[in-house]
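Undergrad: Just dropping this structure here.
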Amino acid sequence: MDKFKKIWIVILLITIPFIGGMIVGDRMDRAVSTNLPANQEKESQRELPRMDELNKLIEENYLFDVDEKKVEESVYKGLFEGLGDPYSVYLNEEEYQSLMESTSGKYAGVGIVVSVSEDNFITVVSPIEGTPAAEAGIRTGDKIVQVDETSYTGKQMDDAVDKMRGEPNTDVILTISRPVKDKADEVFDVTLTRRIIQTHTVKSQILNGNIGYITINQFDENTYKEFSSEYEKVKSEGATGIILDLRNNPGGVLPITVQIADMLLPEGPIVKTVDKKGNEQIESSEASMEDQPMTVLVNQGSASASEILAGALKDYGRAVIIGETSFGKGIVQRIFPLSENVETGPGVKLTISEYYTPKGTKIHGVGVEPDIKIELDKEITELGPDHLDQDEQLQEAITNITERIR
């Protein structure tokens, strides 16, 4: 049991300064740790006075054999669970590698983005277009209460996500609790077949001859390249105004979002992040920009990085925002590798700062308010030009942009 006395020292090494970047949604940047001074190590050990006592109790009284690796990992996870923040977690090797895969634009799973609700449920931010979850009718706001008949709370979100992933062509059963207006929640099972999720995040088409309709369903490492290409494509096809659809976009890679914002905004700040010490970091755009009139669509499934983009476009008066108040995830996590091999893990995902729009507007827990608010019936799940007859938000966006490009 001597090994366990060292666990707390290792854990507390996590809290020291790191070199690295930020994540919004599940964006991963890497950081490298240094060593704590000897006097800080001693102080850290004194802060956990019961550790030796508990070790001794287990050593002298516990009936069964001890899996030291499992106990060690549980101690690490327990420390971060004590923060009460579902976005701050210890990641074992498997979980760390899974998170890295999710930002690469290709992984095996069901294509669903989740967060933790205020009532501690795993809640769907959005299904990813063209994936098993979207095809099965999973909706924003659905609560996942079980995965393969195992119950999970919001605190166990990462475990549930890990279980939803797996080998391609294998099934996973999700138990969904779906809110129903003025009635009890509808609870049902849905069987999804996992497959390789290789996302193409940007699509475009021309509407009414001169409106470029561009949708971004998430921000991964390829999104800026795809967006630039699709933007130039609609311009070459005669677009004089742009509708940018960010509905059900759960966020993603912050630097990619900043690149797209830089393309659309005049010179000035794009987003400001503030840490616990009040230190500010500002991402800014350069003077050159695309200047076509623009309308942006958002809804409750627009979260994190998509809120950064929508919020910046709104603050500059660069676009009219139409739809529903966005999700309201305005905090930033950083990934800290705890191994010399930063590709394999383990590591820690830790909330380190909060972000604000260029005018200093808080987003976390609030969301981006649209300039023109139009709420769709919750039963409407199909959006976009192919479903224009029921998509009143897009109808309004077309009317708005048409009036501005005459």
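Undergrad: Residues to consider are SER339, SER284, SER288; find the one that is out of contact with any strand residue (DSSP E or B) (no Cβ under 7 Å at 6 or more places or on another chain) and closer than 27 Å to GLY241 by Cβ.
TA: SER288
Undergrad: What pairs come up if the first residue lies in the range 73-87 and is outside the structural domain of PRO346 (by TED's automatic domain parsing), the second is of a type in the set (S, T, N, Q) and loosely packed, with under 14 Cβ neighbours inside 10 Å, and their beta carbons are under 6 Å apart, counting only those six or more places apart or on different chains?
TA: none
Residue by residue, here is whether (1) buried (at least 24 other Cβ atoms within 10 Å of the Cβ); (2) in contact (Cβ under 8 Å) with a residue 40 or more places away in the chain holds:
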residue: LEU246; (1), (2): yes, yes
residue: ASP262; (1), (2): no, no
residue: LYS272; (1), (2): no, yes
residue: ASP275; (1), (2): no, yes
residue: GLN281; (1), (2): no, yes
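Quick grid of which residues meet (1) of a type in the set (A, V, I, L, M); (2) in contact (Cβ under 8 Å) with a residue 60 or more places away in the chain; (3) in the same structural domain as VAL298 (by TED's automatic domain parsing):
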{"position": "ASP119", "(1), (2), (3)": "no, no, no"}
{"position": "VAL125", "(1), (2), (3)": "yes, yes, no"}
{"position": "GLN146", "(1), (2), (3)": "no, no, no"}
{"position": "MET164", "(1), (2), (3)": "yes, no, no"}
{"position": "PRO168", "(1), (2), (3)": "no, yes, no"}
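Undergrad: So, in the range 107-144, how many residues would count as being touching a Pro at 6+ places or on another chain (Cβ under 7 Å) and among the β-branched types (Val, Ile, Thr)?
TA: 6
Undergrad: Then there's this: Could we say that ILE144 is modelled with pLDDT of 95 or more, part of a strand (DSSP E or B) and within 19 Å of the chain's Cα centre (by Cα) here?
TA: Against the criterion (modelled with pLDDT of 95 or more, part of a strand (DSSP E or B) and within 19 Å of the chain's Cα centre (by Cα)), ILE144 qualifies.
Undergrad: Only one residue in VAL24, VAL114 is at pLDDT below 90 and in contact with a Phe, Trp or Tyr (Cβ under 9 Å, 6 or more places away or on another chain), so which one is that?
TA: VAL24
Undergrad: Within the range 131-140, which residues are more than 15 Å from the chain's Cα centre (by Cα) and in contact (Cβ under 8 Å) with a residue 24 or more places away in the chain? Give the steps one after another, and end with the answer.
TA: As a first pass, look at the range 131-140 and keep what is more than 15 Å from the chain's Cα centre (by Cα): 131-139.
Scanning the range 131-140 gives THR131, PRO132, ALA133, ALA136, GLY137, ILE138, ARG139.
Undergrad: For the range 320-345, what are the residues that are small (Gly, Ala, Ser) and crowded, with 24+ Cβ neighbours inside 10 Å? Walk me through it before giving the result.
TA: To start, the set of residues in the range 320-345 that are small (Gly, Ala, Ser) comprises 323, 326, 328, 330, 339, 345.
GLY323, SER326, GLY330 - these are the residues of the range 320-345 that are small (Gly, Ala, Ser) and crowded, with 24+ Cβ neighbours inside 10 Å.
Undergrad: Being modelled with pLDDT of 90 or more and among the polar types (S, T, N, Q) is the filter; apply it to the range 46-77 and report the residue that is nearest to GLY347 (Cα to Cα).
TA: SER74
Undergrad: Among the residues of the range 67-99, count how many are exposed (fewer than 13 other Cβ atoms within 10 Å of the Cβ) and more than 20 Å from the chain's Cα centre (by Cα).
TA: Here the count works out to 6.
Undergrad: Go through the residues of the range 338-345 one by one and say whether even a single one is modelled with pLDDT of 90 or more and of a type in the set (Asp, Glu).
TA: No, the conditions are met nowhere in the range 338-345.
Undergrad: Here is a further query. Can you report the number of residues in the range 356-406 which are hydrophobic (A, V, I, L, M, F, W, C) and outside any loop (DSSP other than H, G, I, E, B)?
TA: Here the count works out to 5.
Undergrad: Pairs needed: first member in the range 55-71, within 26 Å of LEU91 (Cβ to Cβ) and in contact (Cβ under 8 Å) with a residue 60 or more places away in the chain; second member anywhere, of a type in the set (Asp, Glu) and surrounded by 11 or more Cβ atoms within 10 Å (Cβ to Cβ); C-beta distance under 9 Å; at least 6 residues apart or different chains.
TA: Note: pairs meeting the criteria are VAL66/GLU59.
Undergrad: Quick one: which residue in GLU375, GLU354, GLU403 is among the charged types (D, E, K, R), surrounded by 14 or more Cβ atoms within 10 Å (Cβ to Cβ) and at pLDDT 90 or above?
TA: One residue alone meets the criteria, GLU354.
The values are calculated or read from the model by the stated rules, or taken from the named source; none is laboratory data. Every value quoted in this text rests on a predicted model; they were computed, and no experiment measured them. Using ideal geometry, Cβ is built from the backbone for each residue, glycine included, and neighbour counts are taken over all protein chains shown.
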